[in-house]
1. Please order I121, I37 by the number of other Cβ within 10 Å, starting at the fewest.
2. Determine, for W69, W34, the number of other Cβ atoms within 10 Å of each Cβ, and report the residues in order from fewest to most.
3. Rank the residues D40, D55 as a footprinting-exposure proxy: fewest other Cβ atoms within 10 Å of their Cβ go first.
Amino acid sequence: MKQILLIFLLSLVWPSENKSQIKVNVNIGSQPVWGPIGYDYARYYYLPDLDMYYDVNRREYVYNENNQWLYINHLPDRYRNYDLFKGYKVVFKEDRPFENHAVHFVKYKKFKNNHQQEAIIYSKDKKYHQIKDHPSNKHNNGTKKNKKN
């Protein structure tokens, strides 16, 4: 009996050519409530209205100043009145999309002033309820989030 159990346990951990690997990235709970619906994973958003990026994991904005990409935890002062809930967001799943900024600037400029994208906060889909600041999150304690950042 011990031999059968040992063989079974070894078969679970022993590498096999027949085993498939599936990698699934999900970070719904990390996305801000002003992010767009429809994405289980987002690493960065590009904000065409502001010509800057948002790093979902770091929760920081990334913008270019004097040919340097800078991280900041709030919108720069010149955008303090910008409504993140209304602006269009382009979702990127890879790291450092700003390295291709010249391409993104041209490709996504057509989304400037586009307010047709639904934000997570307005979604009734239960998968978004786990986000801390979503109104349907039971652990939200009724606190209201500042809509600007």
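No value in this document is a laboratory result; all are computed from the given coordinates. Everything numeric in this text was worked out from a predicted model, so none of it was measured. Neighbour counts are summed over all protein chains in view; Cβ atoms, including those assigned to glycine, are modelled from backbone coordinates with ideal geometry.
1. Numbers: I121 19, I37 16.
Ascending number of Cβ neighbours within 10 Å: I37, I121.
2. Numbers: W69 14, W34 22.
Fewest-to-most ranking of W69, W34: W69, W34.
3. Working: D40 12, D55 18.
In order of increasing Cβ crowding within 10 Å: D40, D55.
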